[in-house]
1. List, in order, the whole-Hz ³J(HN,Hα) value for each residue of region 65-75 obtained from phi through the Karplus relation with A = 6.51, B = -1.76, C = 1.60 and θ = phi - 60°; use x for Gly and Pro.
2. For the residue pair LYS35 and GLU112, what label-to-label distance in nm results when each label sits 7 Å from Cα along the Cα-to-beta-carbon direction?
3. Keeping the other protein chains in place, figure out the carbon and sulfur percent of the accessible area of the chain, with a 1.4 Å probe.
4. Which longest uninterrupted range of the chain lacks any GluC sites (Glu not before Pro) assigned by DSSP to a loop state (not H, G, I, E or B) and surrounded by at most 16 other Cβ atoms within 10 Å?
5. Membrane-span-like helices in the chain: DSSP H runs reaching 20 Å or more (Cα, own axis), mean Kyte hydropathy at least 0.0?
6. I'd like the accessible area for VAL199: 1.4 Å probe, protein heavy atoms, all chains in place, Å² to the nearest 10.
7. Tell me the mean residue ellipticity at 222 nm calculated for the chain from its helices only (DSSP H runs of n ≥ 4, each -39500 (n - 2.57), averaged over every residue, nearest 500).
8. Can you give me the three principal axis dimensions of the chain from its C-alpha atoms, in Å, biggest first?
Amino acid sequence: MKARFFITLAVVVMGMQLTAQVKAPEPIAGNALTKDYITQNLVYPEADLEQGNSGKVVVGFHVDAQGHASQYAVKSSFSEAASPVALHLVRTILWQPALISGMPSDYNAVFEVEFNAKSYKRYWKRHQRLEAPLALEPDTSYKIYEYRQIEEIAKPYFADGGNMGQYIAKNMKFPPEAKEREIQGTVRLSFVVETDGSVSNIVVVNSVGGGCDNEAVRLLQETVWIPAEKNGKYVRSSCMQDITFSIGSRNFQDGNSY
């Protein structure tokens, strides 16, 4: 009896170890920022919102060992009208590949987009959806272009006619921890400007700490852009933004780089 118990226990432990060796793909921006992006850019189907219909849309896709996603398909949905909304948002997410025994590997993944009518209404009572005036049709390939590949680079848009430096100066909340510990420096963020002018896939490339990273991300999240142009259409483009935190002088810097 003792030997049989030992064998059973050993098999269970080995199974747990094998499971622990598989790490599913993750958004390059992290789960929290990706959730923020979806919350800020989800457009609720009007009929479902009026009727208070809530639920989830489950999107399946394949991520290869290089982190490239493909084969998108809606696996289940609470609403036919919500399916294309969720599918579009998931297709804009960039991924880190799955790890199997520590090695990047192919993986069939799913991502759930939640639609909650009450939460949606409550969120947009407290926030304002920013929209830039867009004149061109969007490219629908989901390809991301680098600076050298595009005809017109993406530019931040401000309704008051200001620029990025003025926006940062006006809206930056210098983190108390950074001020107390005299932490200063430049946070560099990489991100994608989508064809509708929204900002996605934010990654901290150069960290300062002391709350500066979070504040830089917040500032960028609240911007809207005129998308990059190529062949007469708006396209997705990869961008960089530097935000400098300086004590004892102007605590901002317009450090655009692409």
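1. My calculation for region 65-75 gives 5, 9, x, 7, 9, 7, 6, 6, 7, 6, 8 Hz in order.
2. Taking the simple label geometry, LYS35 and GLU112 are separated by 1.2 nm.
3. Numbers: 7730 of 14970 Å².
Answer for the chain is 52 percent, counting heavy atoms of protein chains only.
4. With a cap of 16 other Cβ atoms within 10 Å, the longest stretch comes to 1-79.
5. Details: long enough: 2-20 (27 Å, 1.36).
Membrane-span-like by this criterion, though nothing is claimed about a membrane: 2-20.
6. 20 Å²
7. Numbers: 8 runs with 79 residues, N = 258.
Computed mean residue ellipticity for the chain: -9000 deg cm²/dmol.
8. 78, 50, 40
The values are calculated or read from the model by the stated rules, or taken from the named source; none is laboratory data. Model, not experiment: these values are computed from the prediction. Reconstructed Cβ throughout: ideal geometry from the backbone, glycine too, with neighbour counts over all protein chains shown. Each accessible area value is taken on the protein alone, full model and side chains, heavy atoms only, with ligands, DNA and RNA left out. Shrake-Rupley method; radii C 1.70, N 1.55, O 1.52, S 1.80 Å.
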